[in-house]
Amino acid sequence: MTSPILPRAGVIGWPVAHSLSPTIHRYWLKRYGIEGSYDLIAVPPTDIKSFLGDLRGHGYCGANVTVPYKLDALRAAERVSDTARRIGAVNTLFFEDDDLVGTNSDAEGFTLNLRATVPDWSAKSAPAVVLGAGGAARAVIVALVDAGVGAIRLLNRTLEKAEALRDLSPAIIEPIGWEARADALSGAGLLVNTTSLGMIGQPRLEIDLTCLPREALVYDIVYRPLETELLAAARARGNRVVDGLGMLLFQASPGFHLWFGREPEVTGELRRIVLEAAA
Ligand code: ATR
């Protein structure tokens, strides 16, 4: 008798040992009693094209893709979701009708975390201010545009990179120079940090919050530390805050559902376990 083939997924990166994805997916596999596995898949740059071209042959029913391969995954996929195409990166791969399909769950993770933390948040209330114009910013902007935000002030140290992101929604996105970040907070309903500033080992995010309305929400996608200096300062002056750990957890759930057939829950216990692993 042959044994059944158990669903096997994982996270592809180089290096990938630091990834928290196995902690998240293995928690859910255990919680739901699913017989399957989730691996760390370290693939050197010389092998990535052939590996993605034969994911199934390597025994996987799908995978997450992390740095530096999100663009390789976009190219390797036979079909790509609209969201992944707009973000310009694939972080989740799965098979449908034998085709390798690429999608991106970062925008969904951003929004689900926002709605879970602040259920009464209204996208239409006031302009959003986004700091940064890298890969993470693209996903955040797609999420905000899809949520119905009417105006996005996009600030980046390198203004040309903010200008390049304008194509995501030219009528909504206003690129602004980094030095104007304090003034850009006037009348805003949401401030999001998508830069690496404030992360452990990175420079501080220097920003004067005086002009930010007290009703505004402050969201930092940095989660090491969990309470960044930005969030601490915002909380101290009475703004509601959203930390970045939830985005990491929520972005994992679409992949789990696709590969293992169950919509998983982001629980307080999962947050604790992932925080411990991150420390
Ligand atoms: P990710 O994919 O995580 O977004 P990234 O593409 O490297 O990473 O983007 C990092 C972001 O942090 C960029 O917006 C970057 O600004 P530049 O486009 O000007 O490089 C921003 N950033 C990094 N270090 C910074 C610093 N010291 N001051 C201001 N912005 C910084």
Practice problem: Scan segment 114-144 residue by residue and report those that are within 16 Å of the ligand (Cβ to nearest atom), over 17 Å from Ala184 (Cβ atoms) and assigned to a loop (DSSP other than H, G, I, E, B). | Solution: Gly134
Exercise. Having 1 or more residues that are touching a Lys or Arg at 6+ places or on another chain (Cβ under 8 Å) and under 20 Å from Asp120 (Cα atoms) is the bar; report the strands (runs of 3 or more DSSP E) wholly within segment 147-245 that clear it.
Key: 217-220, 240-242
Quiz item: List the pairs whose first member sits in segment 65-82 and is farther than 16 Å from Gly13 by Cα, whose second member is part of a helix (DSSP H, G or I) and of a type in the set (D, E, K, R), and whose Cβ atoms are under 9 Å apart, counting only residues at least 6 apart or on separate chains?
Solution: none
Quiz item: Could we say that Ala162 is touching a Gly at 6+ places or on another chain (Cβ under 9 Å), of a type in the set (Gly, Ala, Ser) and within 14 Å of the ligand (Cβ to nearest atom) here?
Solution: yes
Self-check item: Residue selected from segment 18-57 under the condition of a type in the set (A, V, I, L, M) and in a helix (DSSP H, G or I), by the criterion nearest to Phe260 (Cα to Cα)
Solution: Leu29
Quiz item: Does segment 84-105 include one or more residues that are of a type in the set (D, E, K, R), at pLDDT 95 or above and under 16 Å from the mean Cα position of the chain (by Cα)?
Solution: yes
Exercise. Please verify whether segment 78-100 includes one or more residues that are in contact with a Phe, Trp or Tyr (Cβ under 9 Å, 6 or more places away or on another chain), closer than 30 Å to Leu217 by Cβ and part of a helix (DSSP H, G or I).
Key: no
Quiz item: Glu227 is checked against (1) farther than 30 Å from Leu71 by Cβ; (2) away from the ligand (no atom under 16 Å from the Cβ); (3) free of Cβ contacts under 8 Å to residues at least 12 places away in the same chain and fails just one. What number does that condition carry?
Solution: (3)
Exercise. Go over the candidates Val222, Val192, Val242, Val218 one by one and state the one that is at pLDDT 95 or above, within 14 Å of Ala151 (Cβ to Cβ), of a type in the set (A, V, I, L, M, F, W, C) and in contact with a strand residue (DSSP E or B) (Cβ under 8 Å, 6 or more places away or on another chain).
Key: Val192
Quiz item: Within segment 128-146, is there a residue that is modelled with pLDDT of 95 or more and at positive phi?
Solution: yes
Quiz item: Considering segment 1-40 alone, what residues qualify as being of a type in the set (Ser, Thr, Tyr) and surrounded by 12 or more Cβ atoms within 10 Å (Cβ to Cβ)?
Solution: Ser19, Ser21, Thr23, Tyr27, Tyr32, Ser37, Tyr38
Quiz prompt | Enumeration of residues in segment 178-213 that are touching a helix residue (DSSP H, G or I) at 6+ places or on another chain (Cβ under 9 Å) and away from the ligand (no atom under 13 Å from the Cβ) | solution = Leu190, Leu191, Asp208, Leu209, Thr210, Cys211, Leu212, Pro213
Quiz prompt | Cβ-Cβ under 8 Å pairs, at least 6 apart or on other chains, segment 116-135 side aromatic (Phe, Trp, Tyr), far side at pLDDT 95 or above | solution = Trp121/Leu114; Trp121/Arg115; Trp121/Leu190; Trp121/Leu217
Practice problem: Considering only segment 112-156, state which residues are surrounded by fewer than 21 Cβ atoms within 10 Å (Cβ to Cβ) and polar (S, T, N, Q). | Solution: Thr117, Ser122, Ser125
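The values are calculated or read from the model by the stated rules, or taken from the named source; none is laboratory data. This is a predicted model, so every value here is computed, not measured. All Cβ positions, even for glycine, are placed from backbone atoms using ideal geometry, and neighbour counts span all protein chains on display.
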